[in-house]
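Here's the structure we're looking at; comments come further down.
Throughout, read-outs are computed from the coordinates displayed, never taken from laboratory work. Since this is a predicted model, take the numbers as computed values, not measurements. No Cβ is skipped: glycine too gets one built from the backbone with ideal geometry, and neighbour counts run over all protein chains shown.
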């Protein structure tokens, strides 16, 4: 492939901005072509080759060069773009660089979990299904109203699921699961827990425990009436579909064992299947981007 000298050399700042445009998941096709064209010019590709790669005419490329010369990066939709001057003095910049060279930021030492409570009832839950036309189908039902009270915490990165059972979900239960998280993750310097605004999450007894200097858990409260912002809510839906839909458990102990088995065995074994948005497990699954390229927080 023929190459020429760089006819449109870019500054490092310009090159980084155009590379960022080309990496965007959603970007206007024309903007992407313009950015790609100037990156190729900067790399030394000749105009004819670039026109063939991007399926544009030589006149178009000439017009783009002229516009870029007058408009700079704003030609690519980056409004009011200019290199910002930092607020640190040269001495402060050097001190900051030296600090992080000696003490690199280790975000890997922190984790994020989503917490919530669920109360599955010992009841048959009729759901959709396929039956021969004209066949009447019934589902056995239980007469009791017993239910489990579970508070869980889910790490979307590793799918580590921590949970405790209690006769009633209260501040003590929340403290218990937070203590369990700290014990299970001794290498984490911070454990960020996102949860709703239930009254027991704000209880004084819990606040006094959280204020200890030894605490590594940090609570972050979601907006009121926003369960869709808590991914663990979707796990409850998966649990009901897997364990309760169209199923009958004659005794409460059988029901309890099925719920516990889902969290202890099924979830660790099948969590990758549950995170697959192409499955029918849920219409709004956990939507994890490639775990090889991203750290999900």
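Give the order of 54, 90 when sorted by the count of other beta carbons within 10 angstrom, beginning with the fewest.
Numbers: 54 15, 90 8.
Going from least to most buried by this count: 90, 54.
Relative contact order for the stretch 12-76 using alpha-carbon pairs under 8 Å, separation at least 6, rounded to a whole percent?
Details: 32 pairs, mean separation 17.9, N = 65.
Contact order relative to length: 28 percent.
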Ranked list, fewest to most other Cβ atoms within 10 Å of each Cβ, for 188, 239: 188, 239
Label point distance in nm, residue 133-residue 62, each placed 7 Å from Cα along Cα→Cβ: 6.9
Mean Cβ neighbour count within 10 Å, used as a protection proxy, ranking 193-206, 219-232, 133-146 highest first: 193-206, 219-232, 133-146
Residue 101-residue 214 FRET efficiency (beta carbon distance; Förster radius 35 Å; 0.05 resolution): 0.70
For the stretch 126-168 versus the stretch 191-223, the gap between their alpha-carbon centres in whole angstrom: 28
Paramagnetic reach from residue 69 in the stretch 5-39 [backbone N under 16 Å; point 7 Å along Cα→Cβ]: 6-10, 38
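Assign one of three labels to the stretch 100-247, namely rounded, prolate or oblate, based on the Cα gyration tensor with a ≥ b ≥ c the square roots of its eigenvalues; rounded applies when a/c is under 1.5, prolate when it is not and a/b is larger than b/c, and oblate otherwise.
On the way: a/c = 2.99, a/b = 1.98, b/c = 1.51.
It comes out prolate by the Cα gyration axes.
Listing 116, 55, 46 from the residue with the fewest other Cβ atoms within 10 Å to the one with the most, what is the order? Each step should come with its number before you reach the end.
Values: 116 22, 55 7, 46 15.
The fewest-first ordering by Cβ neighbours comes to 55, 46, 116.
How high is the FRET efficiency between residue 48 and residue 12 when r is their beta carbon distance and R₀ equals 22 Å, given to the nearest 0.05?
Numbers: r = 27 Å, r/R0 = 1.24.
Rounded to the nearest 0.05, the efficiency is 0.20.
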Prolate/oblate/rounded call for the stretch 12-76, Cα gyration tensor, a/c under 1.5 rounded: rounded
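On a full-extension model of 0.36 nm per residue, what is the gain between residue 165 and residue 269, subtracting their alpha-carbon distance, rounded to one decimal in nm?
Details: separation 104, 0.36 × 104 = 37.44 nm, distance 2.15 nm.
Here the segment from residue 165 to residue 269 would lengthen by 35.3 nm.
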